[in-house]
Amino acid sequence: MSEENNRNYEDTEIRDEKQELGAQEKMSVDDRNQDSFRDQNETSGDREDQMEGDSRRDSDNGNEREPEFDIVEHLDQHRGENQNVESVEGADQADRGRHTRILERVREEKRRRQERQKWRKLAVTAGAVILLVGGVATASYLSADKTEQTAQTGRMAQADEKARAEEESRKAEEEAKAREEEQKAKQEVVDSYTNLGLVQVSGYLNVRRNPGQDADIIGKLQENSACEIIGTEGEWYHITSGEVEGYVHSQYILTGEEAKQKAVEYVTKMAIINTEENSLNIRSTPDSSSYENVVGQALKDERYPVIGETDGWVQIKEGYVSADYVVVKYALNEARKMDMREMVLNQYDNIVISKVDNYLNIRSEPTTDPGNGNVIGKMTSRAAGEILETLDGWYKIKSGQITGYISADPQYVAVGQEAKDLALESASLMAIVNTDKLNVRSEPSTDSKIWTQISKEERYNVVSQLDGWVQIELDGGDSEEGGSDDRAYISTRDNNVDVRYALSEAIKFSPLEEKSNEQASLRTQTVNYALKFVGGRYVWGGTNPNTGADCSGFVQYVMRNVAGVSLPRTSREQANTGTAIKSSEMRPGDLIFYANKSGTVNHVAMYIGNGQIVHAASRRSGIKISTWNYRTPKTIRRVLP
């Protein structure tokens with residue numbers, strides 16, 4: 001190739017390099033504008049290349065730092081020089097060498113620029129990769145952390161479930177063990193009987209002194225109670241149970257293996273009365289600071305199913321008894337002694353007895369200043385109460401449902417030994433109803449007709465006792481007392497009746513006030529006059545309450561002497577006089593009539609207000625105050641204006 005061609009080739013190459021470098025320079029500027037943040041964090045390799053280039057320029061210029069070398073400007077300069085050279089024919093070899101060095105420097109600069117661009121792209125790519133890897137790593141970490149938390153929660157839940165399962169298992173084992181021990185204790189109770197008898201009646205079964213329906217009743221066996229059979233006499237078992245030894249009818253007693261198997265389910269925790277006294281107070285609340293919450297007495301050796309135990313008290317169905325005087329253990333119920341006459345005294349700690357022939361007033365305050373204005377009740381002759389407090393000339397008492405004040409004058413009341421003697425003398429066997437209404441039948445059978453109902457406000461004298469039934473005295477009426485029409489039987493099978501020796505207690509009573517109008521005043525006068533005879537004798541056929549009268553004779557006498565109203569002689573005839581009214585329309589002085597089992601009127605009473613009547617009830621009760629619906633009325637008549 002000729003020298004001129006070589007120069008043209010070199011010039012062409014230099015021109016191409018210049019154009020390429022110019023384009024790259026422009027691209028580099030654009031790159032720097034777009035990626036300024038990456039240029040500012042240029043890698044250490046770029047900085048070293050820059051320092052190397054600077055060092056070279058320093059050496060080419062006599063170690064004196066000059067402005068940065070501009071390759072494009074340098075090429076333009078040498079291009080002009082080359083053109084000048086071309087005009088000089090026969091340029092020397094030195095010029096050619098210089099062109100060669102310039103070309104090498106251009107190529108070197110190009111290479112270095114390409115190298116820097118490559119490293120910059122690698123750096124950007126690496127940064128993106130790092131960010132991507134970091135994001136993935138972060139996501140992986142968060143995912144792993146969440147997974148770990150989930151796993152940890154699962155492990156904790158499993159641990160809790162395991163602990164709960166272990167606790168439940170432990171409790172189940174304890175409960176199973178407790179049931180096993182309880183079952184064992186119950187079986188031991190049953191096995192303690194040599195010849196077990198289990199009572200199978202509703203209510204209670206009478207224990208009699210001798211084998212026979214006419215023998216005296218000496219105790220009671222409640223339903224599902226146990227006894228020890230020690231002998232047999234005909235249809236009767238000779239038994240012992242609790243503190244009672246006597247006879248029961250065999251048809252009501254389950255025996256043998258069947259009795260043992262069934263008895264286990266009736267073994268329960270019992271409170272067995274264990275006091276040195278004859279009885280233990282039963283209270284409505286677990287508090288012994290006052291006598292006012294005493295609701296009954298439990299006799300020694302009696303057994304009561306336990307409902308609960310708390311703070312020195314044992315709760316039974318009837319109330320609370322002190323834990324100091326009971327033994328609580330698994331047991332079967334056993335017989336209770338019949339409440340004999342002397343047991344009446346166990347019902348009172350400080351007894352007081354009314355000695356008056358009629359009624360003794362109970363007042364809301366210990367004073368007679370208001371006259372009869374503070375009278376809240378009356379105690380019949382020989383009625384009993386509990387002395388709560390002694391004041392100057394007054395006793396604060398509780399009798400029945402009434403708490404108030406009575407005179408302490410010994411001519412009206414008896415206390416101490418005198419009261420005890422009167423109580424034993426006056427106590428009678430009574431049926432005490434503990435439900436609102438109880439059916440009365442004419443025969444001791446549920447197949448017999450219900451001919452009236454009685455209420456728990458009253459105590460009824462007992463005529464006789466049968467197994468599952470008791471005959472009571474309602475009233476004598478004006479037919480001959482004791483006639484078959486007056487027989488009344490109530491069931492004891494549902495435990496709605498307590499049959500025991502008891503004393504009469506106070507009744508609620510509020511005297512009528514005198515009214516200003518004539519009609520009201522007449523009614524008040526009639527009622528107050530009738531009340532003067534309360535406590536008087538009942539005499540069948542009698543017409544004068546001063547000496548004794550029956551029901552119709554009593555009403556006839558009062559109406560004639562106060563109101564001037566003439567009535568027929570018998571209650572059946574009187575029931576057809578006047579005007580029939582409803583119970584909601586009753587006023588003091590109206591007459592209430594009652595019927596026998598045949599529906600025939602045989603008894604009459606006078607309404608005195610406040611839901612009460614006065615009537616000549618029976619030979620035992622005499623003239624008394626009762627609740628108006630002590631039994632179901634037949635008709636109500638108005639004979640006063």
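We did not get these values from a lab; they are worked out from the coordinates using the rules stated. Because the structure is predicted, anything quoted here is derived from the model rather than measured. Counting neighbours? That spans all protein chains shown, and the Cβs are built from the backbone with ideal geometry, glycine included.
Just a few scattered comments:
- Near the amide H of Q222, within less than 5 Å, lie the amide hydrogens of L205, R336, all on another chain or at least 5 residues away, with H placed in the peptide plane.
- Taking the alpha carbon gyration tensor of the range 98-255, multiplying each eigenvalue by 5 and rooting it gives semi-axes of 111, 12, 8 Å, largest first.
- When peptides 378-390, 423-435 are ranked by their average number of other Cβ atoms within 10 Å per residue, the highest-first order is 378-390, 423-435.
- Net length gained if the chain between R587 and R493 were fully extended (0.36 nm per residue, minus Cα distance): 30.0 nm
- In Hz, Karplus ³J(HN,Hα) per residue of the range 345-353 (6.51, -1.76, 1.60; θ = phi - 60°; x = Gly, Pro): 5, 5, 7, 9, 8, 9, 7, 10, 10
- Residue ranges 504-511, 318-325, 175-182 sort as 504-511, 318-325, 175-182 when ordered by packing (mean number of other C-beta atoms within 10 Å per residue, highest first).
- Scanning residues 5 or more positions from F509 or on other chains, those with amide H under 5 Å from its amide H are G377, K378, with H placed 1.01 Å from N in the peptide plane.
- A Cβ-based charge dipole, computed about the Cα centre of the range 328-430 with Lys and Arg at +1 and Asp and Glu at -1, lands at about 400 debye.
- Inter-centroid distance (Cα atoms) of the range 266-334 relative to the range 151-187, Å: 35 Å
- For the listed peptides 625-634, 361-370, a ranking on the average number of other beta carbons within 10 Å per residue, highest first, reads 625-634, 361-370.
- Between the range 362-422 and the range 567-636, the Cα center-to-center distance that results, in Å: 29 Å
- Of I230, T268, G219, farthest towards positive along the dipole that unit charges on Lys, Arg, Asp, Glu beta carbons give the range 186-289: T268
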